[in-house]
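Everything on this sheet refers to the single structure shown next.
The values are calculated or read from the model by the stated rules, or taken from the named source; none is laboratory data. Given the structure is predicted, the values throughout are model-derived calculations rather than measurements. Here the Cβ is made from the backbone with ideal geometry for all residues, glycine too, and neighbour counts use every protein chain on show.
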Amino acid sequence: MRRKYLLQILFWLFVAGVMSQNGTAQAANVYRVNRYGELTYYSGSPSVTIRSDMSAIYELAFDGVRTTKFTVSSGNPYFKTVGGLLCSKDGTLLLRCPTEKTGTVTIPSTVKKISAGAFKDCSKLSRIFIPDSVNVIGEGCFENCSALHSARISGRLEKIPDDCFEGCSSMRSIVIPASVHEIGDSAFNRCQSLKNVSIPDSVKSCGSRVFAECVELTTVRVSKNMDTIGSRSFQNCTSLKTVSNTGGIEDIGNRAFYNCVNLKTMNFSDKLDRIGWQAFRNCVALGTVLIPRKTERIDKDAFMGAASRFIVDGSNPNYASSNGMLMSESKETLIQAPVMEKGNLIIPNGTKRITANALVNGQYSSISLPEGIAEIYKRQFKNCDKLKAIYLPASLMNIRGSGYDSYDLGLNSLEKISVPKSNTAYQSLDGAVYTADGKAMVFYPYGRKGSLRLPDACKKIGGQMWENKLSSISVSSKNKYFTSVHGVLYDLRGKKIKCFPMNKKTYKIPKTLKSIDYLYRVKEDMKCKAIQVASGNKTFYSKGGVVFEKGSHTLAFYPTKKKGSYKVPVSTRYISSRAFKDAHYITALTITKNVGRSGGTTYYFDKCRNLEKIDVKQGELNYISMSFSGCNKLKSISFPSNIMTTDLWGLPEGVTIRGWQNTQAKESAERAKGKFVSLGTIPPVITGGRVKKIIDKYQLSWNASRGASGYQIYTVSNTIADLKGSGSTTCFIKDIYEYDTIYIRAYRIVKGRKVYGKAKAVSI
């Protein structure tokens with residue numbers, strides 16, 4: 001009895017707590033009001049009632065709530081609503097607009113101030129009229145009003161605050177009144193429809209990222225009273241062509257015009273003092289750049305990948321120009337080459353140093369480095385994709401770059417790197433650069449085609465040759481570190497591949513080779529159509545140009561350029577997870593019934609860009625996962641009923657999945673926004689699964705399933721038993737780990753084949 005009363009008391013205490021927090025026993029809405037009467041948090045109904053105990057509203061109080069209506073309690077002395085807008089009692093302060101409000105909003109003429117975030121996320125508003133009574137707008141006021149295409153701004157407004165119109169992606173134009181003196185950070189960031197901007201001369205300062213990501217913006221007029229263009233102000237304004245009225249600019253911030261790929265001209269004022277880090281990076285359309293006499297500081301990579309020519313005022317004490325190149329005042333350091341210039345780039349005599357990114361993205365066909373340069377980095381030539389030849393000086397003593405610095409340089413056209421015979425540190429042979437003793441390859445011409453012969457003394461090539469265009473690599477019998485068989489480079493005993501010529505069309509694995517891991521690393525760029533295996537190889541064999549592992553009968557490697565459909569041979573027991581990755585030309589694949597599980601059943605079909613169809617036949621596979629990144633032509637996948645689980649990654653939208661009702665095949669189709677084609681209905685899940693240990697074995701039993709033709713007992717890795725007949729409801733098993741999970745499922749024979757039901761899991 002006492003316990004009953006205690007439970008009742010606890011229940012009503014809980015109800016009282018809910019009522020005190022929410023103001024209602026319905027517990028639908030959550031209000032958090034601090035001791036000062038400020039509403040700090042709200043969640044619940046989109047129709048919001050402002051209670052009588054609220055005297056202020058926190059800026060983020062309604063974040064995450066798509067509000068439809070504000071209602072003010074009759075006893076509240078601080079707030080009222082005007083035309084659906086939540087305002088202060090005297091009407092001078094506009095606090096909130098319901099986020100679901102549509103169409104046009106005219107702000108009452110009594111309003112003098114608009115709170116921060118007042119219209120934030122009002123994504124259905126199209127027009128806003130701000131009367132001249134308004135002299136203050138809070139930060140983020142119209143942020144993410146994505147349907148807003150026009151706004152009339154008050155003529156008394158002195159500042160457009162931070163984030164004011166950020167994310168107003170439909171706004172096509174904006175008129176900034178002459179009353180404005182300051183524009184805050186990100187004020188018009190991501191206004192993706194904005195085409196033209198004129199900043200009135202009344203404006204004295206603009207923050208950072210003011211017009212960043214305005215991808216349709218074509219022309220900008222700058223205020224004559226501005227002295228600074230803030231950092232990232234026009235970053236990724238990819239349509240921007242003209243910036244005018246820059247005569248008063250003294251400072252251009254970091255990344256101010258980063259990736260403005262259509263910017264053609266930029267007139268720098270005589271007052272210009274600083275050009276910031278990466279200020280004009282990737283401005284590939286930029287023509288001649290005139291550096292004025294007062295410029296004291298050009299930060300690192302200011303013009304990386306930009307400009308066709310540099311001219312420095314002759315009276316500038318900090319910088320100089322030579323042959324269109326931006327140089328230090330002494331002309332000993334090359335700061336930036338005119339990367340848009342084509343043809344042969346001859347770096348001036350007297351140059352001793354080249355900055356890290358001075359040549360990056362250059363369009364030159366050849367580069368000649370002068371005597372006096374003692375050190376270079378391979379990555380200084382990164383993405384010079386038209387470069388065919390590099391001529392290095394005799395003075396060069398150090399070529400830096402190993403590991404990461406040797407990969408992905410984008411030098412796909414480079415055919416020749418030349419070093420004078422008088423150079424004491426390096427030598428060039430067959431277009432590649434080696435140490436003077438010939439023991440190590442240092443710099444490789446990535447675009448070289450045909451054949452390459454290594455020096456007799458060479459014992460190191462590194463990973464830089466993985467991305468090659470060769471058809472053959474050779475080495476003489478005098479070399480003590482490598483051997484070459486049919487144009488492929490191996491270790492001296494022929495057990496490991498050291499470098500594969502990527503343009504090789506066919507390949508025969510020698511009898512000595514024990515590993516093909518190297519081929520997986522470079523498979524994407526291989527041109528191989530078929531692979532054979534020499535007789536006597538104890539590890540591999542081939543069928544139809546496809547490589548298999550002996551013993552396990554695992555399909556190990558499918559050639560990149562092997563065309564057409566492919567049916568896995570019935571003798572195949574397993575498929576390597578990477579076997580079909582980067583198989584660019586396969587169009588259809590059939591996985592036959594004898595394929596089972598080998599260390600997991602994740603198959604990568606990434607970049608199989610012509611693959612249209614996969615058909616998995618009913619067999620031993622219970623679980624399967626597949627990755628389809630880049631398989632944009634994939635149209636259909638078929639799964640049998642015995643597949644217990646399917647994990648499909650990267651499926652293109654619209655793919656058709658054929659499978660059985662009540663299986664994960666249907667769920668996979670729904671996730672891919674595709675079509676599910678039913679092959680029929682599977683048997684129901686069995687009931688009453690239980691296990692009992694009897695001495696050295698386990699007795700597994702279950703209830704009979706109506707209409708079953710038999711039962712399958714299995715673990716994730718293999719099948720334990722297949723019992724025919726619906727009356728077989730007991731099975732004895734040995735050699736099972738206690739932590740294994742046993743699965744039981746019924747099956748029916750339909751048209752001569754088994755149709756499996758959902759599995760019942762039973763823990764040992």
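Scanning the stretch 191-237 for residues that are surrounded by fewer than 23 Cβ atoms within 10 Å (Cβ to Cβ), among the charged types (D, E, K, R) and at positive phi yields a total of 1. Within the stretch 397-409, the residues that satisfy the criterion of being at pLDDT below 90 and surrounded by fewer than 17 Cβ atoms within 10 Å (Cβ to Cβ) are S402, G403, Y404, D405, Y407, D408. In the condition set (1) in a loop (DSSP other than H, G, I, E, B); (2) more than 31 Å from the chain's Cα centre (by Cα), E653 is compliant with all but (2). A count restricted to the stretch 315-333 and to residues that are in a strand (DSSP E or B) and within 17 Å of G372 (Cα to Cα) stands at 4. The criterion of being assigned to a loop (DSSP other than H, G, I, E, B), under 25 Å from N144 (Cβ atoms), among the β-branched types (V, I, T) and out of contact with any helix residue (DSSP H, G or I) (no Cβ under 7 Å at 6 or more places or on another chain) holds for V203.
Q532 satisfies every condition listed in (1) under 36 Å from the mean Cα position of the chain (by Cα); (2) outside any loop (DSSP other than H, G, I, E, B) except (1).
Selection of the stretch 566-584 for residues being hydroxyl-bearing (S, T, Y) and over 18 Å from M626 (Cα atoms) yields S571, T572. Just one residue in the set S542, S471 is crowded, with 16+ Cβ neighbours inside 10 Å and touching a Gly at 6+ places or on another chain (Cβ under 7 Å); that residue is S471.
To keep it simple, each residue is scored yes or no on (1) exposed (fewer than 11 other Cβ atoms within 10 Å of the Cβ); (2) within 43 Å of the chain's Cα centre (by Cα); (3) in a loop (DSSP other than H, G, I, E, B).
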| site | (1), (2), (3) |
| --- | --- |
| S728 | no, no, yes |
| C731 | no, no, no |
| I742 | no, yes, no |
| A746 | no, no, no |
| V755 | no, yes, no |
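Which pairs have Cβ atoms under 8 Å, sit 6 or more apart or on different chains, and link a residue in the stretch 681-707 that is in contact (Cβ under 8 Å) with a residue 60 or more places away in the chain and among the acidic types (D, E) to one that is loosely packed, with under 13 Cβ neighbours inside 10 Å and part of a loop (DSSP other than H, G, I, E, B)? Listed pairs, sorted by first residue: none to list. Restricting K480, K460, K505, K496 to those that are closer than 17 Å to A432 by Cβ, among the basic types (K, R) and surrounded by fewer than 20 Cβ atoms within 10 Å (Cβ to Cβ) reduces the list to K460.
Of the residues in the stretch 64-78, not one is of a type outside the set (V, I, T), in contact with a Phe, Trp or Tyr (Cβ under 9 Å, 6 or more places away or on another chain), under 25 Å from S133 (Cβ atoms) and part of a loop (DSSP other than H, G, I, E, B). Given the criterion surrounded by 14 or more Cβ atoms within 10 Å (Cβ to Cβ), without any contact (Cβ under 8 Å) to a residue 40 or more places away in the chain and not in a strand (DSSP E or B), identify the matching residue among T99, T81. Of the residues listed, the single one that is surrounded by 14 or more Cβ atoms within 10 Å (Cβ to Cβ), without any contact (Cβ under 8 Å) to a residue 40 or more places away in the chain and not in a strand (DSSP E or B) is T99.
Hey, could you check the stretch 238-272 for residues that are under 19 Å from D185 (Cα atoms) and small (G, A, S) and say which is surrounded by the fewest Cβ atoms within 10 Å (Cβ to Cβ)? Top of the filtered list is G253.
Conditions (1) in the same structural domain as K382 (by TED's automatic domain parsing); (2) modelled with pLDDT under 95; (3) not acidic (D, E), marked per residue:
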| residue | (1), (2), (3) |
| --- | --- |
| I291 | no, no, yes |
| E296 | no, no, no |
| D299 | no, no, no |
| A302 | no, no, yes |
| N318 | no, no, yes |
| N323 | no, yes, yes |
| M327 | no, no, yes |
| K331 | no, no, yes |
| I335 | no, no, yes |
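Suppose we keep only residues that are crowded, with 18+ Cβ neighbours inside 10 Å and under 17 Å from G138 (Cβ atoms) within the stretch 49-78. Which one would you say is farthest from the chain's Cα centre (by Cα)? My answer is I57. State yes or no: is A394 under 30 Å from the mean Cα position of the chain (by Cα), part of a loop (DSSP other than H, G, I, E, B), in contact (Cβ under 8 Å) with a residue 12 or more places away in the chain and surrounded by fewer than 18 Cβ atoms within 10 Å (Cβ to Cβ)? No; evaluated as a whole, the condition is false for this residue.
Within the stretch 668-679, the presence of at least one residue that is surrounded by 15 or more Cβ atoms within 10 Å (Cβ to Cβ), at pLDDT 85 or above and part of a strand (DSSP E or B) is confirmed.
Listed here are the residues, each with its yes/no results for (1) under 21 Å from C283 (Cα atoms); (2) without any contact (Cβ under 8 Å) to a residue 40 or more places away in the chain; (3) small (G, A, S); (4) surrounded by fewer than 19 Cβ atoms within 10 Å (Cβ to Cβ).
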| residue | (1), (2), (3), (4) |
| --- | --- |
| T333 | no, yes, no, yes |
| A337 | yes, yes, yes, no |
| G343 | yes, yes, yes, yes |
| G362 | yes, yes, yes, no |
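What's the total number of residues in the stretch 42-80 that are of a type outside the set (K, R) and closer than 20 Å to C145 by Cβ? The total comes to 13.
Residues in the stretch 201-210 include none that are without any contact (Cβ under 8 Å) to a residue 24 or more places away in the chain and within 21 Å of I114 (Cβ to Cβ). If the condition is being in a loop (DSSP other than H, G, I, E, B) and surrounded by fewer than 21 Cβ atoms within 10 Å (Cβ to Cβ), then the stretch 436-445 contributes A436, D437, G438, K439.
I695 meets the stated requirement of being of a type in the set (A, V, I, L, M) and over 23 Å from N594 (Cβ atoms). If you go through the stretch 417-435 and keep only what is surrounded by fewer than 20 Cβ atoms within 10 Å (Cβ to Cβ), part of a strand (DSSP E or B) and at pLDDT 95 or above, you end up with S418, Q427, T435.
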